[in-house]
Amino acid sequence: MDLQMRAERTPNPDSVKWVFGSPLIESGRSASFTEAPSAAVSPLAARIFAVSGVTAVFAAGPFVTVTKRPELAWPELAQPLIDALEGFAASGESALGPDFEDAEESAVGPVASRIRQILDQEIRPYVAQHGGDVFFVDYREGRVELMLQGSCSGCPSSTATLKLGIEARLQEAVPEVNEVVAL
């Protein structure tokens, strides 16, 4: 794995996005953890959670977003995180282990397909720039349910992103959408 990496701030003050020079996870897949998984599920997340104060790990494409406890300062966690990330990169392990299972999407049909298409082509790439992701959970009777992950989870700006960005775009493109909610 390319050991080039850099840290980027996100809109969430408790999350930092670490960008690598090569993909950690193949395109279209992501992994979100709010507690330490076993190394068989994610060697990457297991190493990061070994750093005291980490509360969440989200990985997609060439980046991993790390969220910390609010009372801790980033300078306290920086070197232990760098050590964990460099250790992972040097190990040659895959970010996701053999026991990792992708989340399944439930809703099917033409409206759900159009919603997924807009999320995948327009919204997810934008949100990924800020260290997060949007996972489609369900659509029924005009209501779209999404899961905000990575830096988006718990971010002070997430309500504005959800209502003024995602909901407005989906309503514009898919007239059947009445509201968008985060679970």
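The values are calculated or read from the model by the stated rules, or taken from the named source; none is laboratory data. This is a predicted model, so every value here is computed, not measured. Positions of Cβ are backbone-derived with ideal geometry, glycine not excepted, and every protein chain shown enters the neighbour counts. We work out accessible area using only protein heavy atoms, side chains counted, and drop any ligands, DNA or RNA first. Shrake-Rupley method; radii C 1.70, N 1.55, O 1.52, S 1.80 Å.
See the values below:
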{"read-out": "Residue pairs meeting the criteria (Cβ under 9 Å; at least 6 apart or on separate chains; first closer than 16 Å to D133 by Cβ, in segment 170-183; second open to solvent by 40 Å² or more (accessible area, probe 1.4 Å) and in a strand (DSSP E or B))", "value": "V180/R143; A182/M147; L183/M147"}
{"read-out": "Scope segment 106-145; condition within 23 Å of P11 (Cα to Cα), surrounded by 13 or more Cβ atoms within 10 Å (Cβ to Cβ) and over 10 Å from the mean Cα position of the chain (by Cα); matching residues", "value": "I118, L119, D120, E122, I123, Y126, F136, E145"}
{"read-out": "Unmet requirement for D83, which otherwise passes all of (1) open to solvent by 30 Å² or more (accessible area, probe 1.4 Å); (2) in contact with a helix residue (DSSP H, G or I) (Cβ under 6 Å, 6 or more places away or on another chain); (3) farther than 23 Å from G154 by Cα", "value": "(2)"}
{"read-out": "Test for V64: is it outside any loop (DSSP other than H, G, I, E, B), more than 13 Å from M5 (Cβ to Cβ) and within 16 Å of the chain's Cα centre (by Cα)", "value": "no"}
{"read-out": "Pairs, first within 19 Å of R9 (Cα to Cα) in segment 73-102, second open to solvent by less than 50 Å² (accessible area, probe 1.4 Å) and assigned to a helix (DSSP H, G or I), C-beta under 6 Å, six or more apart", "value": "A84/I48"}
{"read-out": "Residue count, segment 6-42 (criterion: buried (at least 20 other Cβ atoms within 10 Å of the Cβ), of a type outside the set (S, T, N, Q) and part of a strand (DSSP E or B))", "value": "6"}
{"read-out": "Evaluation of V66 against (1) farther than 26 Å from S157 by Cβ; (2) of a type outside the set (K, R); (3) open to solvent by less than 40 Å² (accessible area, probe 1.4 Å) (one fails), failing number", "value": "(1)"}
{"read-out": "Sole residue being among the hydrophobic types (A, V, I, L, M, F, W, C), part of a loop (DSSP other than H, G, I, E, B) and out of contact with any Gly (no Cβ under 9 Å at 6 or more places or on another chain), chosen from A89, A84, A160, A95", "value": "A95"}
{"read-out": "Cβ pairs under 7 Å, 6+ apart, first in segment 118-132 and under 19 Å from G154 (Cβ atoms) and assigned to a helix (DSSP H, G or I), second open to solvent by 20 Å² or more (accessible area, probe 1.4 Å) and at pLDDT 85 or above", "value": "I123/R169"}
{"read-out": "Positions within segment 43-60 being modelled with pLDDT of 95 or more, open to solvent by 10 Å² or more (accessible area, probe 1.4 Å) and farther than 11 Å from L77 by Cα, in sequence order", "value": "P43, A46, R47, F49, A50"}
{"read-out": "Test: S91 is hydroxyl-bearing (S, T, Y) and surrounded by fewer than 15 Cβ atoms within 10 Å (Cβ to Cβ)", "value": "yes"}
{"read-out": "Filtered residue count, segment 146-176, keeping only those that are in contact with a Phe, Trp or Tyr (Cβ under 8 Å, 6 or more places away or on another chain) and open to solvent by less than 20 Å² (accessible area, probe 1.4 Å)", "value": "3"}
